[in-house]
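Working notes, beginning with the structure itself.
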Amino acid sequence: MSHSEAEFTADSAWSGGGSPFAINSKKLGMWLFIVSDSLTFSALLIAYAYVRLASPNWPRPFELWPGIAKSSLMTLALLSSSLTMVMGVAAAHRGQRSRTVKYLWATIAFGVAFIVLHATEWVTLIHEGVTPWSNPWGAPLFGGTFFGLTGLHMLHVTIGVIYLAVMSWGYGSGRFEADDVEVSGLYWHFVDLVWMFIFPMIYLLSVNYKS
Amino acid sequence: MSAHPEALDTEAIEPLHVVGTTRLFVMVWVALLGLTVVEVGLAYERVPVNVMLTILIGLSLIKSALIISYFMHLRFERLGLFILLIPVMVFCISMMLLVFFPDSVRLMNMRPH
């Protein structure tokens, strides 16, 4: 490459010599994945909102205890996990490996707490007779939308917990860098973000006023 | 103009390590918790379900903006990344809403009373 070519490549961010967004390809890839996954969740949530508004006999099974209290605790767990995750990313960028691993494990603990609470919520509803195609209270689509949306989200949380465990091991042993922790953080925050829509739409829109 | 293109390349790819402070992150966390408490309180108000849905989605959009801006650091990235990601996503979601959603409200109004 001649000197003038090298200068052109370096000077123009769009000419292929550098990243126009000043981020590495892993981070850009994760952002693009997040955009595509957010469209998946959006489609499901919009479909849910459609049937929720169009069904006059939509069940309102969530009483203050256990439904709303548990789901609020789950929200607290995910929000707290996002705080520990962002602190972990900051520690990773400061090069504090041991502290980063501790923050990652705190995030994992909050994630596991979320999964356990959610599993008990599922068991409660299943014992009350809710299936994906029927329920004792009203519109049969309630079970399908509830299990479909929360199940897909719980799958994302489970994958996130595994991802963070691998990241914790890899970053602690020096196999991964701070940028890798940041990319895993993007995924985890996205999982938190999705719950910020599922919680009000699934739970709060179906509270039992009598409770 | 740099006489060292390699050095400039590294600079361009290197992420901007402006990631906020602990105080900022805790403030965002408290704001998110506060908005959640407001949502739970509002859920017990007896208003039409379409009004409640609109209010709750509005609050969720504020919460997601806080998460994306501060926890996901998009506020600290280049404007180009924001322009690449967010308008496209908003456009696609708006298309889903514009095409499908009015029908659900119309169905609700067509119910026999």
Suppose the chain between A:Leu73 and A:Trp169 were pulled fully straight at 0.36 nm per residue; how much longer would it get relative to their current alpha carbon spacing? 31.7 nm
How tilted is helix A:69-93 with respect to the longest principal axis of chain A? Cα atoms for both, answer in degrees (0 to 90, nearest 10). 10
Beyond 26 Å, what share of the Cα-Cα pairs of chain A is found? Please give it as a whole percent. 46
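With the contact rule set at Cα under 8 Å and sequence spacing of 6 or more, what percent relative contact order holds for the range A:76-115? Show your work: numbers first, answer last.
Numbers: 35 pairs, mean separation 21.6, N = 40.
Relative contact order, the range A:76-115: 54 percent.
Per residue of B:27-40, count partner chain C-beta atoms within 10 Å of its C-beta, then hand back the mean as an integer.
Working: counts 0, 4, 7, 2, 0, 9, 6, 0, 2, 8, 2, 0, 7, 11.
Rounded to a whole number, the mean comes out at 4.
Count, for each residue of A:72-83, the Cβ atoms from other chains sitting within 10 Å of its Cβ, then give me the mean as a whole number. Kindly include the intermediate steps, with their values, before the conclusion.
Numbers: counts 5, 0, 0, 7, 3, 0, 1, 10, 3, 0, 8, 9.
What the average comes to for A:72-83 is 4.
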Mind giving me the nanometre distance, one decimal, between the label points for A:Leu64 and A:Leu155, set 7 Å out from Cα along Cα→Cβ? 3.7
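Quick one: net charge around A:Trp31, please, counting Lys, Arg +1 and Asp, Glu -1 for every other residue with C-beta under 15 Å from its C-beta.
Numbers: positive: A:Lys26, A:Lys27, B:Arg75, B:Arg78; negative: A:Asp37, A:Asp179, A:Asp180, A:Glu182, B:Glu77.
Overall, the nearby charge balance is -1.
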Averaged across A:46-57, how many Cβ atoms of other chains sit within 10 Å of each residue's Cβ atom? 5
In order through the range A:34-46: 3J(HN,Hα) via Karplus (6.51 cos²θ - 1.76 cosθ + 1.60), integer Hz, x for Gly, Pro: 4, 4, 5, 5, 5, 5, 4, 5, 4, 4, 5, 5, 5
GluC sites (Glu not before Pro) lying in DSSP loop within the range A:107-211, provided at most 16 other Cβ fall within 10 Å: A:Glu128, A:Glu177
Around A:Val181 (Cβ within 13 Å, Cβ-to-Cβ, excluding A:Val181; K/R +1, D/E -1) the net charge comes to +3
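Sequence gap at least 6, Cα distance under 8 Å: using those rules, report the relative contact order of chain A to the nearest whole percent. It would help to have the intermediate numbers written out before the result.
Details: 213 pairs, mean separation 63.0, N = 211.
After rounding, I find 30 percent.
Bear in mind that the values in this text are calculations on the coordinates, not laboratory data. All values reported here derive from a predicted model rather than from experimental measurement. Note that each Cβ is placed from the backbone with ideal geometry, even for glycine, and that neighbours are counted across all protein chains shown.
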